[in-house]
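Asker: There's a structure below that I have some questions on.
Nothing in this text is a laboratory measurement; each read-out follows from the coordinates by a stated rule. Small disclaimer: the values here were computed from a predicted structure and weren't measured. Reconstructed Cβ throughout: ideal geometry from the backbone, glycine too, with neighbour counts over all protein chains shown.
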Amino acid sequence: MGAVKPDFLRPLLGTLGLLIGFGLYALVGRLAEPWQSVAIGGLFALLGLSAWVYAQGERWIQVLALVLLIYGLLRALVLR
């Protein structure tokens, strides 16, 4: 049985993704309404869509992705 190699790239990409996400959220926060809500909703919807693609059959990630996608669409279209 071979030794399990840790995936060092995954935590790095996760940290980089968080930094990019917080940076984008801060930039979008400067927009005037209704564009701020639309842009933030779009970011959440894109995050949900990318999580769905990444899930590869993992049910809990698919549920999280669906929640993010629904919240993003609601935030962009209804919640202001």
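Asker: If Leu9 passes every condition in (1) more than 13 Å from the chain's Cα centre (by Cα); (2) surrounded by 10 or more Cβ atoms within 10 Å (Cβ to Cβ); (3) not charged (D, E, K, R) but one, which one does it miss?
Answerer: (2) is the only condition that Leu9 fails.
Asker: Among Arg80, Arg30, Arg59, which is loosely packed, with under 15 Cβ neighbours inside 10 Å, over 16 Å from the mean Cα position of the chain (by Cα) and in contact (Cβ under 8 Å) with a residue 40 or more places away in the chain?
Answerer: The conditions single out Arg80.
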